[in-house]
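What follows is one structure encoded as structure tokens, with my remarks underneath.
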Amino acid sequence: MARFYLTGSINVPTVEDAFTLVGRDFQPGVVRVPDGEPGPRANWVLTQADHFLANATLDVVDGRARVRPGTAVSFDAIDYHTVAADSYQRFREARDNGALTPDSRFLVSIPTPFNAVNSFVELDSQVEVAIAYEERLAQSVARLQELIPPSDLAVQWDLPTELATVEGWFPNPYAGPEAILRATARLAEWVHDDAELTFHLCYGDSKFGASPFMGDPPDAEAAARGGRHILPRDASTIVAVANGLSRHVSRPINAIHAATVAAWNRRAHWRPLADLALEPETEVFLGLLHAEDGAAGARERAALAAEFLPDFGLSTECGLGRHSADQLRAVADAWEELTADTAVLH
């Protein structure tokens, strides 16, 4: 079966609309089905702002939180589980009425604590605050797996800050890259053996304006262009992070989604994929499909990647949350075309 991966967000008004779109346009290729993250959740980790900026145990200076001297950091309950459980009921209805395929799992994507503290906390306080936040987040993930049968669930950890820090774009509050990977691996151990575990190795979305990973524009031309101002040079960091997760995570990793760049048009961009050292059960999905150049562009990028990685599924660069209706249609049409082209799908 041709395999496609959706990372979470879809620009549709409701959860029901997301399930309808996935079932109609992306199945049977998609087996892990997100709810589209509509409404305020489209803002990703920004939904967590009040946990940091209105936290009585933290000081806030110039919009950034920091540890208050002499005060133990603590958090109120963190809740990713309530809305997920509500969406899961709608997922069940869509699957039961045939709008989704019987083998569909419900995908819940969650930013790691590192992404949360990077967004709201001063560098010198990030590790201490992340540990306190992690304790509460673990409770939410445990409750999630009480409310949703693990055999019906896939938990995706979102790793843009991890990837950007290993790239060297952000200062590292941890004691080197391995400490980042160990912190991420702890989260993986929360996921029940019967649930699927996936990771989204994300560079943001280069097509749609400012991203937290773009940095300051290096020159006037970059500023005028918009989108991401810093581009990864090749797939090296994707491989380093994926292999590091495989080293540190003791339970099976079911899938890794890797954002890639449309401008990677040389073998040298993709050569690092030959060094992936993942376990056999780990599926790899490459973000090769872009609305702008559709199936033709995906074919070209897939041909280059396939020289170094013999088996992979396809995806878009990031989520579909900022795609216009026309761009959503372009992605769906391209996927339909690609599913008929077995030479592209590995």
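The values are calculated or read from the model by the stated rules, or taken from the named source; none is laboratory data. Owing to the predicted nature of the structure, the values given are computational and were not obtained by experimental measurement. Ideal geometry is used to build each Cβ from the backbone, glycine not excepted, and the neighbour counts take in all protein chains shown.
Of note:
- Residue check, Gly23 over 23 Å from the mean Cα position of the chain (by Cα) and either under 30 Å from Gln126 (Cβ atoms) or in a helix (DSSP H, G or I) (or both): no
- Search result, residues across the range 150-173 that are under 18 Å from Glu128 (Cα atoms) and in contact (Cβ under 8 Å) with a residue 60 or more places away in the chain: Glu162
- Members of the range 251-276 that are at pLDDT 95 or above and either in contact with a Gly (Cβ under 7 Å, 6 or more places away or on another chain) or under 17 Å from Ala188 (Cβ atoms) (or both): Arg251, Pro252, Ile253, Asn254, Ala255, Ile256, His257, Ala258
- Any chance Ala164 is at pLDDT 95 or above and crowded, with 17+ Cβ neighbours inside 10 Å: no
- The residue of the range 47-97 that is surrounded by the most Cβ atoms within 10 Å (Cβ to Cβ), among those that are under 30 Å from Arg24 (Cβ atoms) and of a type in the set (A, V, I, L, M, F, W, C), is Phe91.
- Single unsatisfied condition, Ala42 versus (1) surrounded by fewer than 22 Cβ atoms within 10 Å (Cβ to Cβ); (2) of a type in the set (A, V, I, L, M, F, W, C); (3) in a loop (DSSP other than H, G, I, E, B): (3)
- Residue in the range 318-328 that is at negative phi and more than 22 Å from the chain's Cα centre (by Cα) present: yes
- Failed criterion for Arg143 (all others in (1) closer than 25 Å to Arg66 by Cβ; (2) part of a helix (DSSP H, G or I); (3) in contact (Cβ under 8 Å) with a residue 24 or more places away in the chain hold): (1)
- Residue match in the range 190-199 (condition: outside any helix (DSSP H, G or I), at negative phi and at pLDDT below 95): no
- In the range 326-346, the condition of being surrounded by fewer than 18 Cβ atoms within 10 Å (Cβ to Cβ) and within 27 Å of Arg251 (Cβ to Cβ) is met by at least one residue.
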